[in-house]
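Enquirer: One structure, pasted below without further comment.
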């Protein structure tokens, strides 16, 4: 599946300032792996030692928080957009 | 040339401890942890004594060494130092020895505690050279950013959920801010703002300016301490949306003790949420140190944050201080608003109703013992959330301008009282 990933400011050093990245992946987990292949080091910023999305990272597929979907198992279809957003904001 | 930083030393990640310069930046680029301002407490201890504080004007800036700006404040100089009211009639109604109301319903200029955080964020934004400010808001923050930006001559964009109370929408528009109403929950507004903040070089008070902004809440805690005769209250009940205010009240008590402004004492910080948006309260009651995000559905729209940024730290503070969280239904929120209004003559917004009703619950359950004293943080004014209480607080008695009709009304009233 060809999907777009929005990269947040704190990670753009790793993506050489690319803000929107096009990748192929069938699930959110596969998308993270694919990102890691393209931009080494990015996965450990997003995923903690236990394999979960880091406490202060929110991930959205088409504007829905993946915790309301199937987390990293959330499946993707062509044209989906993944947003990675720092959790610490607002309030 | 070294730029002046006042009593601030750096920004520091709360998770990994990495330090960053004092710019508009809120997230650690390694683990996404929140950045927090580090102060030079040794210098502050010399500069800031009770005598110095008491010699200053009655505003939140009497504690300015503990607020994150490099120079004198340029926005919101009159904010804060709201009354701490001894609420004897409410204490009797709830069956507790002593209750105090920290009354930010009359905070200047926009009648909520948000003026505290905004005056810090905008003063700092100006120091950093910004001319456009913005926020993601459940209403009160939007009002405060719009008003304070207008007074400071800054351009303001405020982003709110489109279903907000009329009062809160008008209260942002009137100051000339660009008000963007998003079709969605606050959490969606917040997500969009995080993306906008990454793209436009604006000072988003609760996104890239958040380390400075959030510190402004400490002033409410410092005032409670000073107005309590420089003592830490045994119990403090705080409403929770993102959970930030609760963590900063705790921090203010700790800083004051560290600087010798108050004696160390055991205290409990309790958190209040509406049942229709209670991720932190649910987690606390289940003994968890993490929360599950929710989709909000409550009349307490100012607390309707389903993914609370500081939820994790709020849980930690309650655990450390042996505090409790609880949550209350929409009906109990309205009853809480009425209890405070009928007993103390203070009309608070729905978030205040949440705080009052949760305090009542904690007293009834013995979490706050009846022979103790508690401070309730009342953060916003009831005139802004009229929609939530219209039709629930009684009705007018309509008569023609006739003495006979008036006396008939009195008689009927006496009959119903005596019945």
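The values are calculated or read from the model by the stated rules, or taken from the named source; none is laboratory data. Being a predicted model, the structure only gives us computed values, none of them experimental. Quick reminder, even Gly has a Cβ in these numbers, built from the backbone with ideal geometry, and neighbours come from all protein chains shown.
Enquirer: Which residue, of B:172, B:119, is over 30 Å from residue B:373 (Cβ atoms) and in contact (Cβ under 8 Å) with a residue 24 or more places away in the chain? Walk me through it before giving the result.
Expert: Working: B:119 fails: over 30 Å from residue B:373 (Cβ atoms).
So the residue among B:172, B:119 that is over 30 Å from residue B:373 (Cβ atoms) and in contact (Cβ under 8 Å) with a residue 24 or more places away in the chain is B:172.
Enquirer: So residue B:116 fits all but one of (1) in contact with a strand residue (DSSP E or B) (Cβ under 6 Å, 6 or more places away or on another chain); (2) closer than 30 Å to residue B:21 by Cα; what number is the exception?
Expert: The single condition residue B:116 does not satisfy is (1).
Enquirer: I've got another one for you. Taking the condition in contact (Cβ under 8 Å) with a residue 24 or more places away in the chain and closer than 13 Å to residue B:94 by Cβ, does residue B:340 pass?
Expert: So residue B:340 passes the test.
Enquirer: Could you tell me which of the residues B:12, B:58 is modelled with pLDDT of 95 or more and farther than 28 Å from residue B:130 by Cβ?
Expert: Working: B:12 fails: farther than 28 Å from residue B:130 by Cβ.
The match here is B:58.
Enquirer: Given (1) within 13 Å of chain A (Cβ to nearest Cβ); (2) assigned to a helix (DSSP H, G or I), where does residue B:138 come up short, assuming only one miss?
Expert: If we test residue B:138 against (1) within 13 Å of chain A (Cβ to nearest Cβ); (2) assigned to a helix (DSSP H, G or I), just (2) comes out false.
Enquirer: Right, another one. Test residue A:85 against the stated conditions and say whether it is assigned to a strand (DSSP E or B) and under 10 Å from the mean Cα position of the chain (by Cα). So that I can check it myself, show each step before the final result.
Expert: Numbers: assigned to a strand (DSSP E or B): yes; under 10 Å from the mean Cα position of the chain (by Cα): yes.
When the stated conditions are applied, residue A:85 passes them.
Enquirer: Determine which single condition residue A:51 fails, assuming it passes every other condition in (1) crowded, with 20+ Cβ neighbours inside 10 Å; (2) over 30 Å from residue B:246 (Cβ atoms).
Expert: Evaluating residue A:51 over (1) crowded, with 20+ Cβ neighbours inside 10 Å; (2) over 30 Å from residue B:246 (Cβ atoms) leaves (1) as the failure.
Enquirer: Please give the number of the condition residue B:260 fails out of (1) touching a residue at least 40 places away in the same chain (Cβ under 8 Å); (2) more than 11 Å from chain A (Cβ to nearest Cβ); (3) surrounded by 24 or more Cβ atoms within 10 Å (Cβ to Cβ).
Expert: Condition (3) is where residue B:260 drops out.
Enquirer: Can you tell me which residue in the range A:8-40 is surrounded by the most Cβ atoms within 10 Å (Cβ to Cβ), limited to those that are within 24 Å of residue B:307 (Cβ to Cβ) and at the interface with chain B (Cβ under 9 Å from one of its Cβ atoms)?
Expert: Checking each candidate, the answer is A:8.
Enquirer: Criterion first (surrounded by fewer than 18 Cβ atoms within 10 Å (Cβ to Cβ), under 21 Å from residue B:194 (Cα atoms) and more than 10 Å from chain B (Cβ to nearest Cβ)) does residue A:43 satisfy it?
Expert: Yes: the conditions hold for residue A:43.
Enquirer: A further question follows. Could you tell me which residue of the range B:61-78 is farthest from residue B:249 (Cα to Cα), considering only residues that are part of a loop (DSSP other than H, G, I, E, B) and without any contact (Cβ under 8 Å) to a residue 60 or more places away in the chain?
Expert: B:72
Enquirer: Separate question: If residue B:26 meets every condition in (1) over 21 Å from residue A:46 (Cα atoms); (2) touching a helix residue (DSSP H, G or I) at 6+ places or on another chain (Cβ under 6 Å) apart from one, which number is that one?
Expert: It fails just one condition, (1).
Enquirer: Could you say which residue among B:282, B:294 is away from chain A (no Cβ under 14 Å) and either within 29 Å of residue B:136 (Cα to Cα) or part of a helix (DSSP H, G or I) (or both)?
Expert: Working: B:294 fails: away from chain A (no Cβ under 14 Å).
Result: B:282 is the single residue among B:282, B:294 that is away from chain A (no Cβ under 14 Å) and either within 29 Å of residue B:136 (Cα to Cα) or part of a helix (DSSP H, G or I) (or both).
Enquirer: Restricting attention to the range A:61-91, report how many residues are at the interface with chain B (Cβ under 9 Å from one of its Cβ atoms) and within 20 Å of residue B:137 (Cα to Cα).
Expert: Summing the residues that are at the interface with chain B (Cβ under 9 Å from one of its Cβ atoms) and within 20 Å of residue B:137 (Cα to Cα) in the range A:61-91 gives 9.
Enquirer: Need the failing condition index for residue B:24 against (1) under 30 Å from residue B:372 (Cα atoms); (2) in a loop (DSSP other than H, G, I, E, B), just the number.
Expert: (1)
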